[in-house]
Structure formats: C-alpha cells, structure tokens
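Have a look at the structure below before the remarks.
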Amino acid sequence: MASAVRCTSCGYESCTRDPFLDVNLEVAGAGSVTGALERFTAGEALDGANRYRCPREGRPVRAVKSLRIASPPAVLALQLKRFGFGGHGHKVTKRVDFGPVLDLGPFLGLFGAAPSPATPAGGFSFGFGAASTPAAATALDDDALADVYGLLSQQTAALAGVQAVLRRAERDLEVLEGLAAAG
C-alpha cells in the first residue's frame, strides 16, 4: 500500500510504502466493489487546522493525501466493512455488486506514477466459489455465506499443505547447495 501527500503549493510529494494483507472497504456509501475502491483511493484534503508541513516550503500548507495500491499482489483480499457506527452499531445489509473481473488499473500507483499491473489490463478475476445461489455470494449475510466459508476453509487447508511442501523443498535445496559448495 502506498500513502502519499502532495503539497498543492509547490508540488512536493512524500510517499510511504507499507506491506498489506487486505484492503478494508467501506461499503455503506458504495454500490459496488469498484465504487468502494474509488472512495478508498480518493484524495483527502489536508487544510485548516489539519494542514501539512511541507519540507520544501518549511511551513504548513494545503495538501492532498492519497492511498493507492503500489503494485498488485498475487492475491488481493478485500474486506467489506459491514458494520456502521453512527450513534449505535448497525449491520450494513445492502447489496454490493461486483463482476467476474476487477480492473485495478485506476487504483494503482500514486498521482502521476505509472502502475505496474499483473496483467496487461491490470485486471483480476474474482474467485468466490460455488455458493448455493448467486445471491448467496453477495448477500453479506453470514448464514447465506456458509457455503463460501466452507469452500474457503478447504482452500486454506490445501494452501497449508502446499506451504509444507514448499518448506520441505527449501530445506532440500539448502542441503543440495551445501553439498555443491563442499564438493
């Protein structure tokens, strides 16, 4: 994940990159995953009492802060935040649309930086398993998503098996490298 602040006075940019495991998306104000990503990556004005102290200008200035996906991960986990807190907690039960492909191109890089998409179009396929009905995968209801949770549990167990095989292969490779160096 890349977080950048750009001074609107002189154009100075400060960028920080941090590893991330998932992206937490507010779905209450968005009708789709793409809309939630647009809101997540939208620039935030730093002004008034919240002005940015620009290193080049040496004074507090108006700036724009932005979060972007620095480069697409092999697997992108999107967490849809389904609970709102406005005086009291409530569950967001609205439908959130998503298609079979998510184009990450508009959400990559920072300001004028060129993205480095994993596919030529920067697209990613969704893999949500075989739910009992198409609505079960989008209903945002824990009970209706039981089939999807079961599938994810199976995939997690399979991944753990693959990881164990990879660890064994790494140990074997270390032994072979040691033998090659010794002899």
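Each value in this text was obtained by applying a stated rule to the coordinates, not by laboratory testing. Note that the structure is predicted; figures quoted are calculated from it, not measured. Neighbour counts are summed over all protein chains in view; Cβ atoms, including those assigned to glycine, are modelled from backbone coordinates with ideal geometry.
Tell me the label-point distance for the pair Q163, T93, using the 7 Å Cα-to-Cβ offset, in nm and rounded to one decimal.
Distance between label points: 3.6 nm.
Give me, ordered by chain and number, the residues 5 or more places off V23 or on other chains with an amide H under 5 Å from its own placed amide H.
A77, L78, Q79
Sort Y52, Y12 so that the residue with the fewest other Cβ atoms within 10 Å of its own Cβ comes first and the one with the most comes last.
Y12, Y52
Report the full-extension gain for the segment L152 to M1: residue separation times 0.36 nm, less the Cα-Cα distance, to one decimal in nm.
Result for the pair: 51.9 nm of gain on full extension.
Return the distance in nm (one decimal) between the two label points of a simple spin-label model at D18 and D47, each offset 7 Å from Cα along Cα→Cβ.
2.6 nm
Counting only residues 5 or more places away or on other chains, whose amide H sits under 5 Å from the amide H of L104 once H atoms are built in the peptide plane?
When sequence neighbours closer than 5 places are left aside, the close amide H contacts are G123, F124.
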